[in-house]
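S.K.: Can you keep this structure in mind? I'll have questions shortly.
The values are calculated or read from the model by the stated rules, or taken from the named source; none is laboratory data. Given the structure is predicted, the values throughout are model-derived calculations rather than measurements. Cβ coordinates were reconstructed from backbone atoms using ideal geometry, including for glycine residues, and neighbour counts include every protein chain displayed. Just so you know, the surface numbers come from the protein's heavy atoms only, side chains and all, with ligands and any DNA or RNA stripped out. Shrake-Rupley method; radii C 1.70, N 1.55, O 1.52, S 1.80 Å.
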Amino acid sequence: MRKKEMMAMLLAGGQGSRLGILTMDKAKPAVAFAGKYRIIDFPMSNCVNSGVDTVGVLTQYQPLTLNQHIGIGVPWDLDTKNGGVSILAPHQREGERGEWYSGTANAIYQNIDYIDACRPEYVLILSGDHIYKMDYAAMLNFHKQNNCDVTIAVLEVTMEEASRFGIMNADENDKIYEFEEKPEHPKSNLASMGIYIFTWDKLRAALIEDNKIHADSDFGKHIIPAMLNDGATLYAYRFKDYWKDVGTIESYWAANMELIRTLPEFNLYEDFWKIYTNSNYQPPMYTGANASVKASIVSEGCQIYGSIEHSVISKSVTVGEGSVIKDSIIMEGCKIGKNVHLDRCIIDQNTVIEDNVSMGGGENTPNELKPNIYNTGITVIGSNTLVPAGIQIGKNCVIYGKTSDEDYIDNKLPSGQSVIIEGAM
């Protein structure tokens with residue numbers, strides 16, 4: 001393979017445990033977003049829009065949905081022989097015992113042979129679970145202009161928020177002289193976005209050296225501090241556009257709802273920076289004679305006979321007559337029956353809600369099993385779930401599996417309670 005200027009390594013193996021039931025059967029980057037997309041579509045599209053034509057996607061937790069979505073990279077024009085997209089699962093190297101990826105840098109270390117085969121001068125390290133648009137080519141130009149060994153994309157956050165991030169302390173030229181991981185008393189507000197450009201020979205040497213010391217080698221904890229201590233040149237690249245980590249139920253719900261605004265901060269409709277996805281042909285959306293759709297995103301293949309208000313509806317969803325859906329996210333293939341009322345709900349894919357179900361009312365009682373995840377009044381229904389007719393469900397409830405009338409007392413599920421039929425949260 002001819003030598004490349006830059007390739008990308010996309011870390012997409014995270015469980016995303018704070019998304020609760022939504023990541024029971026898939027990795028966080030495979031979770032649906034904005035109706036027709038999945039979270040990983042955003043960094044993947046950033047790569048192709050930035051001219052990066054070689055992408056290694058590192059998977060680990062529940063990779064099936066993600067692997068099926070990416071396929072051979074056709075939607076992103078990454079189905080090329082000289083580069084393209086490669087799915088990189090944990091594997092056994094010659095002479096070594098196979099093992100799971102145990103840290104962000106360890107995952108890259110385990111794929112040194114793959115990177116060497118691509119012969120890049122620079123390697124772009126990305127996370128697969130953030131929503132943003134970014135020109136990595138501009139970041140690479142900054143990297144080269146400053147003769148960097150490492151360039152780290154940063155966001156300016158409030159000083160109150162800074163203790164939640166890895167913080168870069170830099171001089172007036174943005175040259176980094178100190179890195180602090182979630183400091184109690186931060187000295188600056190330049191928060192790492194987990195997006196790095198490394199000069200490959202420098203990163204390669206650092207990975208090999210750190211692997212001798214840390215089995216769980218991590219960029220923020222180990223590689224970056226070690227390179228700083230060794231006198232490497234690190235610069236902060238300031239990013240001033242929209243960026244969102246949809247890592248909690250509330251932030252995921254809110255980010256989807258933000259897209260419905262008349263002038264959303266994050267614009268999905270720009271022709272010059274498109275977001276691509278694996279979207280098979282779907283028939284047009286159909287709205288019945290008594291249907292109503294207000295301030296909502298409704299995707300292809302939907303059949304709407306009821307009322308949709310301020311909601312995000314994915315592909316091939318059916319909403320029955322008399323049903324009212326407000327402030328909710330309904331994922332692909334769901335069947336919503338007649339006279340169903342949903343308020344502040346997230347319904348994962350291929351779920352069936354039968355007639356006369358009411359969901360999202362009552363007191364805002366945190367969930368008994370997972371109060372740290374379900375506590376903002378949003379009820380979440382897992383994928384491939386069945387909710388039988390006539391059930392009344394409160395706030396912060398969680399339902400997963402083929403439930404029946406016997407799973408509910410007096411046809412009710414009070415706020416903060418759960419019904420889990422298969423598996424565990």
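S.K.: Taking a ≥ b ≥ c as the square roots of the Cα gyration tensor eigenvalues, with a/c under 1.5 meaning rounded and otherwise prolate when a/b beats b/c, else oblate, which class fits the range 131-237?
M.R.: oblate
S.K.: Which of the GluC sites (Glu not before Pro) found in the range 231-311 are in a DSSP loop and have at most 14 neighbouring Cβ atoms, other than their own, within 10 Å?
M.R.: Of the GluC sites (Glu not before Pro), the ones in loops of the range 231-311 whose Cβ has at most 14 other Cβ atoms within 10 Å are 265, 270.
S.K.: Per residue of the range 165-170, in order, report the coupling 6.51 cos²θ - 1.76 cosθ + 1.60 (Karplus, θ = phi - 60°) as ³J(HN,Hα) in whole Hz, putting x for Gly and Pro.
M.R.: Residue by residue, the range 165-170 yields 10, x, 10, 9, 9, 10 Hz.
S.K.: Further, regarding this structure: If one computes P(r) from the Cα atoms of the range 272-311, what percent of pairs lie at distances over 13 Å?
M.R.: Above the 13 Å cut-off, the range 272-311 has 61 percent of its Cα pairs.
S.K.: Return one whole number: the accessible area per residue of the range 80-235 in Å², for a 1.4 Å probe. It would help to have the intermediate numbers written out before the result.
M.R.: Numbers: 7280 Å² over 156 residues.
Per-residue accessible area for the range 80-235 comes out at 47 Å².
S.K.: Sorted from largest down, give the three principal axis spans of the alpha carbons of the range 384-425, whole angstrom values.
M.R.: Computed over the range 384-425, the largest-to-smallest principal extents equal 24, 19, 14 Å.
S.K.: In addition: Which log10 I(q)/I(0) values does the range 150-209 give at q = 0.21 Å⁻¹ under the Debye formula, counting every alpha carbon as one identical point scatterer?
M.R.: -0.81
S.K.: Something else: Using only Cα atoms, locate the centre of the range 208-260 and the centre of the range 306-356, then give the distance between them in Å, rounded to an integer.
M.R.: Spelled out, the Cα-based centre of one part sits 36 Å from the other.
S.K.: Still on this structure, please answer the following. Given a cut-off of under 8 Å on Cα pairs at least six residues apart, what relative contact order in percent is computed for the chain?
M.R.: RCO, the chain: 13 percent.
S.K.: How large is ³J(HN,Hα) for each residue in the range 235-241, as worked out from phi by the Karplus curve 6.51 cos²θ - 1.76 cosθ + 1.60 (θ = phi - 60°), to whole Hz, x for Gly and Pro?
M.R.: 10, 8, 9, 7, 10, 10, 10
S.K.: Which one, 53, 230, 343, has the greatest fluctuation when you compute a Gaussian network model over the chain with C-alpha springs under 10 angstrom?
M.R.: 230
S.K.: With all protein chains present and a 1.4 Å probe, how do 307, 102, 328 order by accessible area, largest first?
M.R.: On the way: 307 30, 102 55, 328 0 Å².
From most exposed to least exposed: 102, 307, 328.
S.K.: From Cα pairs below 8 angstrom and at least 6 apart in sequence, can you work out the relative contact order of the range 279-359, rounded to a whole percent? The partial results should precede the final answer.
M.R.: On the way: 249 pairs, mean separation 16.5, N = 81.
Relative contact order for the range 279-359 comes out at 20 percent.
S.K.: For the range 158-249, run through the GluC sites (Glu not before Pro) and keep only the ones in DSSP coil with at most 14 other Cβ atoms within 10 Å of their Cβ.
M.R.: For GluC sites (Glu not before Pro) across the range 158-249 that sit outside H, G, I, E and B with at most 14 neighbouring Cβ atoms in 10 Å, the list reads 160, 161, 172, 184.
S.K.: Over the chain, what is the percentage of antiparallel beta bridges among all DSSP beta bridges, to the nearest 5?
M.R.: Rounded to the nearest five, the antiparallel share is 25 percent.
S.K.: Which far-off residues, 5 or more places away or on another chain, put their amide H under 5 Å from the one on residue 238, with H placed in the peptide plane?
M.R.: Hits under the 5 Å cutoff: 154.
S.K.: Still on this structure, I have one more. Among the GluC sites (Glu not before Pro) within the range 1-105, which fall in a DSSP loop and have no more than 12 other Cβ atoms within 10 Å of their own Cβ?
M.R.: 94, 96
S.K.: Given DSSP loops and a limit of at most 12 other Cβ atoms within 10 Å, what is the longest stretch of the chain that contains no such chymotrypsin sites (Phe, Trp or Tyr not before Pro)? The partial results should precede the final answer.
M.R.: On the way: sites that count: 100, 269, 272, 281.
Between exposed loop sites, the widest span is 101-268.
S.K.: Taking the convex hull of the alpha carbon atoms in the range 196-245, what volume per residue do you get, in Å³?
M.R.: So the per-residue Cα hull volume is 97 Å³.
S.K.: Rounded, prolate or oblate, given the Cα gyration tensor of the range 241-308, with a/c below 1.5 counting as rounded?
M.R.: Values: a/c = 1.97, a/b = 1.46, b/c = 1.35.
It comes out prolate by the Cα gyration axes.
S.K.: Using the basic label-point model (7 angstrom from Cα toward the beta carbon), what is the residue 5 to residue 286 distance in nanometres?
M.R.: Calculated label separation equals 5.0 nm.
S.K.: Label points 7 Å out from Cα along the Cβ direction at residue 205 and residue 404: separation in nm?
M.R.: 6.7
S.K.: How far, in degrees from 0 to 90, does helix 136-145 lean away from the longest principal axis of the Cα atoms of the chain, to the nearest 10?
M.R.: Helix 136-145 sits roughly 20 degrees off the main axis of the chain.
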